[in-house]
Every structure is written in structure tokens, then in C-alpha cells.
Amino acid sequence: MDVVTQTRMRREQGRDLPVLVWRFATPVRVIASAPHGGGIGVRRWAVNAQVPGSYARRDPDRHLAQLGVALGLAGRGVGMLTAADVRRCTSGFDGGVEVTATVGLGHPIRAAAADDPRPVEPVGTINLVVLVPELLTDAALVNAVATATEAKSQALADLGLEATGTASDAVCILCPGDGPRALFGGPRSVWGSRIARAVHTAVLDGGRDPRSRSDGADA
């Protein structure tokens, strides 16, 4: 995939905040759990935008759409938010797969924990952007999300955390829109195994930074 990556700055709530930007020369296929542009479809760009730990907007989809316009991003895209400092993003590479992670571990959780009556903290997010150089079928994309999530949880276990993630994690997997098709994305498939190793590396490196444990607190 022909992609340009940048770190841009914007002024918001009286603060200068960074945003990671991916622009694609041709449309790519995406599966994402992001608040803007989520689902399965064709997209032209992706952003991972830092927000204050006190972020309380109830319209993140609209907010990210406006941010895309302000950044000059044309067409449909994917937008994610995090209180982690996106300039401290970490990377993982394996066999053509490229992963960028922003790791905020201020509020780790276990997915199958009992209900907690306290409000869910909207910060401390682990966001993953995964670039795969071969077209994945819809089923393979869904499988790849599961694989990336398993690898993230493995990394958290290796960090000594009794957690599977945070309450607001997001994942975005992108691949070309045409070419030979890969049918599988599980952890023992060609692309799934590469995704897993790259995600594990990126999350492990991000979580080793002690600052990741305090992400979500406003400076």
C-alpha cells in the first residue's frame, strides 16, 4: 500500500494536541471498531487523535469528521481518540505487516469481570492501526481483529497485568482493495501470525514505558 504517515498538531480546548495521520494514495479496505468510520468498508485515511483526559464530548463521530475536514483529508476515513500521548506511539513489524500502537494503561480491565456500578473511565486507551499488504476477505478481516486482540492481551499478561485491555480500546486493520485474496486471519495463518507478533511487540514496548500507566491524567 502506498501510504503517507504524519504527526500533525491542532489547537483544541486551549491546548496544542497531536494527531497521527495515515493517507492512502488509493482506497483501502478497512475493518475498524473506531467511533468514526467503523465497520467494514473502503476508506481513504485514518487518524488517531490525542484528547485531554477530561474529554467528555458525546459526539466523537462528528468531532472526528470535523477534524478530518480541518486536516484536509478527503473522502471517507477512520478516526480514533485516545488520552495517551500519540507522539509516544510504538511500532511492530513482521513479514510486511506494520502495526502502530498508542498504549494508555491508566485504567486496565478484565473483559469478563463482574459489572461495576461506577462510571466507566473514558481514558487509558490502547489503539491499534494494522497495515497488511495483501487483500483480506471479510471473514479474514474479522478473524484478524480477534487475532490482534488476543496478541494485545498476551502482551498485557507479559507486562504482569491481570487485564485483557481497557474499556475503550479500538483496532483498525487496513489492507489493499484488490489483488490476491487471503482467506484466513487466525493466529496460525500466514497473515494472522504476522499480525499477532507485530501487535505483541508494539503493545509490549508501549506498556514498558512507565508513562503509559498515567495516560489519561490532564497535564
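Bear in mind these aren't lab numbers, they're just calculated from the coordinates by the rules spelled out. Remember, it's a predicted structure, so these values are computed and weren't measured experimentally.
Results, tabulated for the structure shown:
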| item | result |
| --- | --- |
| Alpha-carbon Debye profile of the chain, log10 I(q)/I(0) at 0.08, 0.11, 0.19 Å⁻¹ | -0.25, -0.49, -1.47 |
| Karplus 3J(HN,Hα) series, Hz, for segment 64-72 with 6.51 cos²θ - 1.76 cosθ + 1.60 (x for Gly, Pro) | 6, 4, 5, 5, x, 5, 4, 8, x |
| All-pairs alpha carbon distance profile, segment 127-219, 10 Å steps from 0, percent | 17, 46, 26, 10, 1 |
| Antiparallel bridges, percent of DSSP beta bridges restricted to the chain (to nearest 5) | 75 percent |
